[in-house]
Amino acid sequence: MEIKLVGVVGAGQMGNGIAHVFALAGYQVLMTDISEESLSKALATVERNIERQVSRGKVLPADKRAAMERIKTTLKLADLGQCDLIIEAATERETVKQAIFEDLLPHLKPTTILTSNTSSISITRLASRTDRPEKFMGFHFMNPVPVMQLVELIRGIATDQETWESLHEVVRKLGKTASSSEDFPAFIVNRILMPMINEAVYTLYEGVGSVKSIDESLKLGANHPMGPLELADFIGLDTCLSIMNVLHEGLADTKYRPCPLLTKYVEAGWLGRKTQRGFYDYRGEVPVPTR
């Protein structure tokens with residue numbers, strides 16, 4: 001099946017990034033969210049980010065205009081029913097995702113492929129709550145979507161070969177690289193990345209090093225472009241905690257136990273960049289470590 005119209009559920013950081021790359025690749029995009037404000041903000045973000053690519057010579061001005069014209073928005077989830085492919089990019093809570101798919105089902109074409117951008121939740125379990133588990137996959141983009149080259153493709157236990165091949169071809173058309181992951185908690189990237197971040201938080205919690213020394217050590221000693229605590233703030237500490245909980249519960253291994261300090265920061269509402277405070281305080285001109 002040829003995919004032309006792509007629905008994106010959620011206009012946040014991931015959703016607007018996904019809309020951005022699909023529109024630039026020539027797909028028609030219909031993006032939905034629960035408020036007009038969120039949709040307007042998402043469109044402004046996409047336009048700003050594509051303009052940045054124009055200024056760097058990576059995108060032509062005419063291609064920017066064409067891409068922006070391809071993105072339409074709606075407040076009605078049912079309007080996505082005629083899409084060939086739907087990508088759910090809502091908050092990382094399974095109950096929310098299940099509710100979205102259940103609301104979508106009565107409006108879908110028989111051929112519509114359903115996907116989730118989840119970074120950790122079971123694809124098989126999400127698919128089992130729909131009427132088309134064979135046409136359901138994990139479609140995990142990395143953040144920030146326009147910059148990062150990898151897309152994780154995760155097959156549920158019932159996903160058919162045709163669906164996998166269709167999405168593999170979509171990733172190729174986006175100019176990105178697909179990695180194929182089995183449906184186990186947190187897949188590949190976060191199965192490796194999140195325990196590293198969690199261990200960095202334990203290193204801070206146990207007083208082995210300060211925020212600054214931990215991040216500098218990994219940047220200069222392991223050649224990481226960003227320190228693990230800085231990266232945690234960029235991702236969102238609530239997202240990091242959610243993924244660690246999925247790993248801990250799904251694999252029943254104590255090595256995935258979330259650090260109590262990570263839990264404390266989330267309980268305080270210090271979620272990183274998006275709330276202006278996390279392991280760093282971003283309210284001034286220069287980020288300042290909070291511990």
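The values are calculated or read from the model by the stated rules, or taken from the named source; none is laboratory data. Note that this is a predicted model, so its numbers are computed, not measured. Quick reminder, even Gly has a Cβ in these numbers, built from the backbone with ideal geometry, and neighbours come from all protein chains shown.
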Next on the checklist: Tell me yes or no: at least one residue of segment 33-49 is at negative phi, crowded, with 21+ Cβ neighbours inside 10 Å and among the charged types (D, E, K, R).
Outcome noted: yes
Checklist entry - Going by the conditions given, is K58 over 15 Å from G7 (Cα atoms), out of contact with any strand residue (DSSP E or B) (no Cβ under 9 Å at 6 or more places or on another chain) and either aromatic (F, W, Y) or surrounded by fewer than 18 Cβ atoms within 10 Å (Cβ to Cβ) (or both)? => result yes
Checklist entry - Taking the condition aliphatic (A, V, I, L, M) and closer than 21 Å to F139 by Cβ, does V21 pass? => result yes
Checklist entry - For the subset of segment 96-125 comprising residues that are β-branched (V, I, T) and surrounded by fewer than 15 Cβ atoms within 10 Å (Cβ to Cβ), which member is farthest from M137 (Cα to Cα)? => result V96
Checklist entry - Which pairs do you get when a residue that is surrounded by fewer than 23 Cβ atoms within 10 Å (Cβ to Cβ), found in segment 188-205, comes within reach of a residue that is outside any loop (DSSP other than H, G, I, E, B) and of a type in the set (F, W, Y), reach meaning Cβ atoms under 7 angstrom, with the pair 6+ apart or on two chains? => result P195/Y256
Checklist entry - What helices (runs of 4 or more DSSP H) lie completely within segment 1-92 and have 3 or more residues being closer than 29 Å to G272 by Cα, assigned by TED's automatic domain parsing to the domain that holds M137 and among the polar types (S, T, N, Q)? => result 36-55
Next on the checklist: Within segment 129-141, does at least one residue satisfy the condition of being assigned to a loop (DSSP other than H, G, I, E, B) and under 19 Å from L247 (Cα atoms)?
Outcome noted: no
Checklist entry - So P185 clears everything in (1) within 18 Å of T91 (Cα to Cα); (2) within 14 Å of the chain's Cα centre (by Cα); (3) not hydrophobic (A, V, I, L, M, F, W, C) except one condition, right? Which one? => result (2)
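Conditions tested, residue by residue: (1) closer than 25 Å to N117 by Cβ; (2) in contact (Cβ under 8 Å) with a residue 24 or more places away in the chain; (3) crowded, with 21+ Cβ neighbours inside 10 Å.
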site	(1), (2), (3)
G207	no, no, no
K219	no, no, no
P228	yes, yes, yes
L231	yes, yes, no
A268	no, no, no
Checklist entry - Within segment 151-163, how many residues are touching a strand residue (DSSP E or B) at 6+ places or on another chain (Cβ under 7 Å) and farther than 13 Å from A127 by Cβ? => result 3
Next on the checklist: When you scan segment 85-93, do you find a residue that is β-branched (V, I, T), at pLDDT below 95 and surrounded by fewer than 17 Cβ atoms within 10 Å (Cβ to Cβ), even just one?
Outcome noted: yes
Item to check | Answer residue from segment 237-264, given it is of a type in the set (S, T, N, Q) and within 20 Å of the chain's Cα centre (by Cα) and is surrounded by the fewest Cβ atoms within 10 Å (Cβ to Cβ) among those | outcome: N245
Checklist outcome for this item: Flagged in segment 119-141 as at pLDDT below 95 and closer than 13 Å to A89 by Cβ, in numbering order, are S119, I121
